[in-house]
Amino acid sequence: MHHSTVSPLPSDFTPEQLLGALSVGIDTMAGIGDLRTRLTGLGIGMIGPLDHANGLVRDAHGLRHWHDVPLRELAEKHLGLPVHLDKDVTAGITAEAWRHGATFGDAALIMVESGIGGGFWLGGTAHRGAHTNAGEFGHTVVDLTGPLCVCGRHGCLEIVHRHAAEAGDIALAARVLAVGVVNLLQTLDLAHVVLAGADLLRHPQTYLAAVTEAVQADARRADWLSTRVAVSSLGADVIAAGAAMQVLDQHYGIPELAPI
């Protein structure tokens with residue numbers, strides 16, 4: 001990453017506020033050398049639900065102003081650049097795939113940041129699903145009689161985890177996440193699990209230890225079902241880095257997934 005800038009947003013930001021922040025960020029970085037003349041495009045990693053195929057943000061969880069917002073079209077018009085819009089977690093797993101190279105294999109990036117999501121790299125490419133909305137990992141149910149989640153169901157991984165975290169019991173929150181990760185491994189048989197997100201990065205070793213212990217505690221995995229668990233080395237930049245790499249991928253393809 002050559003240059004970066006941060007533009008804070010309110011917790012309940014509007015599309016207009018996001019576009020304004022993007023414009024300020026581009027103008028700030030464009031003042032460094034001749035950057036604007038060399039911009040290929042803009043990558044946006046956004047929370048979902050999100051319709052990647054049509055460039056729409058559909059009822060983003062916890063954001064009142066994001067009902068069927070055509071963000072890709074709005075951003076292209078506002079910024080005068082080609083825009084690649086994707087889920088934040090899908091951008092993040094793309095960054096990890098580029099960083100690890102061709103040996104990455106099937107993998108998931110678990111993002112704990114305002115909510116919980118999962119980005120998937122399967123068969124050498126980002127997996128988006130039939131409706132390009134794959135990744136709502138936090139809205140898998142882990143407690144049938146649990147608290148009401150923002151998605152309208154009870155006992156989702158995200159809300160059970162949040163209640164533990166807000167109570168100050170980070171060890172329990174990490175174990176809740178670990179249960180979800182093991183369920184995911186039973187479903188998808190992954191080689192790598194990467195942990196990321198601002199909330200998780202406040203207690204990285206607690207989460208890493210809990211998930212690693214849960215994965216290794218499954219005796220059925222011991223002799224042949226190995227999964228590497230790690231915290232993303234890209235830190236808070238994993239979404240931004242991945243969104244940028246998706247622009248390059250879209251235009252040039254990933255050169256043998258060579259590590260950057």
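The values are calculated or read from the model by the stated rules, or taken from the named source; none is laboratory data. Because the structure is predicted, anything quoted here is derived from the model rather than measured. In this analysis, Cβ positions are derived from the backbone assuming ideal geometry, glycine residues included, and neighbour counts consider all displayed protein chains. Accessible surface areas use protein heavy atoms only, side chains included; no ligands, DNA or RNA. Shrake-Rupley method; radii C 1.70, N 1.55, O 1.52, S 1.80 Å.
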Cα gyration tensor, segment 1-130 - rounded (a/c under 1.5), prolate or oblate: oblate
Separation in nanometres of the label points that stand 7 Å from Cα toward Cβ, at residue 209 and residue 7: 4.1 nm
Burial order of peptide ranges 203-212, 105-114, 133-142, 60-69 (average beta-carbon count within 10 Å, highest first): 105-114, 133-142, 203-212, 60-69
Quote the relative contact order of the chain in percent (integer), defining contacts as alpha-carbon pairs under 8 Å separated by 6+ residues. 21 percent
Relative contact order of segment 83-142, pairs being alpha-carbon contacts under 8 Å that are 6 or more residues apart, as %: 31 percent
Expressed as a percent, the accessible surface of the chain that is carbon or sulfur, using a 1.4 Å probe and the full set of protein chains, is 55 percent
Computed over segment 84-135, the distribution of all Cα-Cα distances in 5 Å bins, rounded to whole %, is 5, 22, 33, 23, 13, 3, 0
Rounded accessible area per residue of segment 1-111, 1.4 Å, Å²: 46 Å²
Accessible area of segment 138-218 divided out per residue, in Å², using a probe of 1.4 angstrom: 47 Å²
Along the Cα-to-C-beta direction of residue 153, a point sits 7 Å from the Cα; which residues of segment 54-88 have their amide N less than 19 Å from that point? 58-63
Quote the charge dipole size of the chain about the Cα centre in Debye, to the nearest 20; the model charges only the Cβ of Lys and Arg (+1) and of Asp and Glu (-1). 120 debye
